[in-house]
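First the structure, in the form of structure tokens, and then the observations on it.
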Amino acid sequence: MKPQEKLVIFMERKAEAIMKLTGLNVYFTEEDRKDILGWEDTTSEFVWKKIVDNIDKGAYGLSPDVCPFCIYNDTFLKGCSTCDYGYRHGQCSADDSDYFEIMRALEAAETDVEVVFSNEWYQEVIDEIEGEEEE
């Protein structure tokens with residue numbers, strides 16, 4: 001499986017969980033999918049390995065440590081100011097961004113993002129994706 005496909009599945013799993021908890025379908029769009037699928041293999045492999053490494057080190061929640069776009073932009077571009085995801089969804093730090101809309105919806109549902117997107121949850125997703133690759 002190409003690293004771009006791993007990243008897409010990873011983001012789809014997060015989007016599915018957000019949709020189930022909040023009813024919001026804004027986290028990962030077709031345009032986001034196309035962006036990732038357009039990344040170079042070596043770039044995508046770096047981003048995938050960085051996410052896996054961050055999770056191995058305990059990453060959780062909806063932080064930049066588990067966001068392919070954050071890692072891609074911080075490593076290969078100029079950070080948030082050049083982020084296509086941020087262009088489409090609003091920069092994550094902005095009050096009117098999709099990220100803040102998701103966080104507010106999770107809070108309204110009395111859902112702790114750090115519990116839902118725990119390190120264990122991420123480990124399971126990684127194991128699932130890596131398992132699909134071996135089949």
>> Just to verify a result, which residue in segment 3-28, among those that are among the basic types (Lys, Arg) and within 22 Å of Glu130 (Cβ to Cβ), is nearest to the chain's Cα centre (by Cα)?
In response: Lys14
> If you go through segment 32-46, how many residues are of a type outside the set (Asp, Glu), surrounded by 19 or more Cβ atoms within 10 Å (Cβ to Cβ) and either within 10 Å of Lys2 (Cα to Cα) or in contact (Cβ under 8 Å) with a residue 40 or more places away in the chain (or both)?
Replying inline: 1
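Read-outs: derived from the displayed coordinates by stated rules, not from any lab. Just so it is clear, the structure is predicted and the values come from calculations on it, not from any experiment. Cβ: placed from backbone, ideal geometry, glycine included. Neighbour counts: every protein chain shown.
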